[in-house]
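The numbers here are math on the coordinates, done by the rules we state, and not lab data. Remember, it's a predicted structure, so these values are computed and weren't measured experimentally. Every residue, glycine among them, receives a Cβ derived from its backbone with ideal geometry; neighbour counts consider all protein chains shown.
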Amino acid sequence: MITWGYIAGFLDGDGWITVSKNKHASTKRYVIGLTQSKHELIAMRKIFRFIKRHGIRATFLERGTFKSTTPMLNIHVKHQKSVVKFIKFVMPFLLIKINKARECLSYTESRLKQRGVGLLDLKNRKKKYWKESEIKLLLKLQSQYNSNKTIGNILGRSSNSVAHKLLREGIIRSHRFPVNLPRCS
């Protein structure tokens, strides 16, 4: 049976908490990984499913090694909210990597607060509906060839929200010019 204590032991033994720096950004991000040989595929799949069931975004991948011919399996937790969740779940059981986990948790939580990102589930957010005046401004800004990011900043919305609304309005944007489609009702 998989438990957070088991996963903490796994992290202490065959896992890692490391800093990943983006070459285009000046900030660092923490990444958590669990590694095992391909012979332990069933156990790694169980761990991966357990982590996902607890709302943690993770990736499961196979990689080769330079030192041996045995392929390795990795579970990576990179999404910063998921890193915080994961650390909070395993921290009571960690022995060896406890200091690194505390450092990771402290830094990641402070970065999320600086960015104004709450640690609540995004599903619990209230939906922000588009007003008719916003749609008119959206269409006007789009016709002036503004980027979705620029439009989003002006309207106080994400670039994804802008892109989805434009698509629902029948406008597909390409990198060269927008294409107007007949509006669907």
15 Å reach of a label modelled at Leu95, 7 Å along Cα-to-Cβ, counting backbone N of segment 6-21: 6-15
For Thr59 and Lys128, extending 7 Å from Cα along the Cα-Cβ vector and measuring point to point gives, in nm, a value of 2.9 nm
If Lys and Arg each add +1 and Asp and Glu each add -1, what is the summed charge of the other residues whose beta carbon sits under 11 Å from the beta carbon of Glu40? +2
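How much FRET efficiency would the formula 1/(1 + (r/R0)^6) give for Lys149 and Phe50, where r is the Cβ-Cβ distance and R0 is 41 Å, rounded to 0.05?
On the way: r = 37 Å, r/R0 = 0.90.
Working from the Cβ atoms, E equals 0.65.
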Quick one: Debye curve from the alpha-carbon atoms of segment 4-117 only, equal weights, vacuum; give me log10 I(q)/I(0) at q = 0.12, 0.17, 0.19, 0.23 Å⁻¹ to two decimals. -0.43, -0.84, -1.02, -1.35
Around Arg29, what is the net charge, scoring Lys/Arg as +1 and Asp/Glu as -1 over all other residues with Cβ under 11 Å from its Cβ? +4
